[in-house]
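Have a look at the structure below, then the notes.
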Amino acid sequence: MTLGGYGNEGGDVESIATRRFDRTGGMAGIAFVTLIIASWVTAASDKFEGVDHSAEAIARDLANRDGLETSITLAGLAAIAGFWFVGSLHLRLSARGPSAAAWAAFGGGLAMVTLFLAGSAITSAAVAVASLGSDPQVAKALWLLEQGFSNVIGPALIVFMLGVSISSMNRGDPPRWLGYSGVVASVVLVVNSVVGSFNLAVLVLLWVLALAINMTIRPQPRQESA
């Protein structure tokens, strides 16, 4: 009885710890989405010259935009929360055994957050170069590179969403409605990337937010013991 009770107690402690980690991962996901939106709003408060303008005009804008510095800081904080969120989500998806879908979600999520962080780092470098005022061509080149990084986040997002969605539909955790909606959003994102008609980043963020909220309020269910 003592050994059996001890074993159950150990399992309960492990289950409680897992569920707490799941909740913190969900809250990190909520912070990730919130900070990204705040970063975009802050950057949008400043009007920038288009990429077809002269290097001098772009460098001047980069050097004189206080909101951009705040946006970069918020993006860095979002990346920290994003890595925690992706790691916690991977543990949840692979709790019932490893799967290709779980690893696809993990790889896509890491790539998504890494590319977002890299784009922010390049923007920071462009601002630093522009502030020096001596080489506007380099500032413009860095700014164009950041725009390129923003465009390649899409494939990573699609892999992430499909990985989570397939795992959800196969195992029922996260809920299958998230899986089906994730597949639909992924297909729409693919079509959008081909057609280039409008930006669906907000739609993807809403889906990620729903996933993070679900992780927070519905942590990983306890696994039945052998």
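The values are calculated or read from the model by the stated rules, or taken from the named source; none is laboratory data. Since the model is a prediction, treat every value here as computed from it, not as a measurement. Don't worry about glycine lacking a Cβ; one is built from the backbone with ideal geometry, like all the others, and counts go over all protein chains shown. Side chains are part of the model used for accessible areas, which takes the heavy atoms of the whole protein and leaves out ligands, DNA and RNA. Shrake-Rupley method; radii C 1.70, N 1.55, O 1.52, S 1.80 Å.
Looking across the stretch 93-109, the residues that are touching a helix residue (DSSP H, G or I) at 6+ places or on another chain (Cβ under 6 Å) and part of a helix (DSSP H, G or I) come down to 93, 101, 102, 104, 105, 106, 108, 109.
Among the residues making up the stretch 167-192, a single one is in contact with a Gly (Cβ under 7 Å, 6 or more places away or on another chain) and open to solvent by 30 Å² or more (accessible area, probe 1.4 Å): 169. In summary, residue 159 fulfils each of the numbered conditions (1) in contact with a Pro (Cβ under 6 Å, 6 or more places away or on another chain); (2) more than 18 Å from residue 214 (Cβ to Cβ) with the single exception of condition (1). Being open to solvent by 60 Å² or more (accessible area, probe 1.4 Å), in a helix (DSSP H, G or I), in contact (Cβ under 8 Å) with a residue 60 or more places away in the chain and of a type in the set (S, T, N, Q), is that true of even one residue in the stretch 116-133? Scanning the stretch 116-133, I find at least one residue that is open to solvent by 60 Å² or more (accessible area, probe 1.4 Å), in a helix (DSSP H, G or I), in contact (Cβ under 8 Å) with a residue 60 or more places away in the chain and of a type in the set (S, T, N, Q), so the answer is yes. Based on this model, can you work out whether residue 154 counts as under 19 Å from residue 39 (Cα atoms) and of a type in the set (Gly, Ala, Ser)? Spelling it out, residue 154 is indeed under 19 Å from residue 39 (Cα atoms) and of a type in the set (Gly, Ala, Ser).
Taking the stretch 181-226 as the range and being assigned to a loop (DSSP other than H, G, I, E, B) and modelled with pLDDT of 70 or more as the test, the residues that pass are 218, 219.
If you go through the stretch 166-180, how many residues are touching a residue at least 24 places away in the same chain (Cβ under 8 Å) and in a helix (DSSP H, G or I)? Here the count works out to 5.
Beta carbons closer than 8 Å, at least 6 apart along the sequence or on distinct chains, pair a first residue in the stretch 47-75 that is under 16 Å from residue 145 (Cα atoms) and at pLDDT 65 or above with a second that is small (Gly, Ala, Ser) and outside any helix (DSSP H, G or I) for 59/133. Tell me, yes or no, whether the stretch 31-40 has at least one residue that is in a helix (DSSP H, G or I), under 28 Å from the mean Cα position of the chain (by Cα), surrounded by fewer than 17 Cβ atoms within 10 Å (Cβ to Cβ) and at pLDDT below 85. The answer is yes, given that some residue of the stretch 31-40 is in a helix (DSSP H, G or I), under 28 Å from the mean Cα position of the chain (by Cα), surrounded by fewer than 17 Cβ atoms within 10 Å (Cβ to Cβ) and at pLDDT below 85. Filtering the stretch 66-107 to residues that are within 16 Å of residue 205 (Cβ to Cβ), within 11 Å of the chain's Cα centre (by Cα) and not small (Gly, Ala, Ser) leaves 85, 86.
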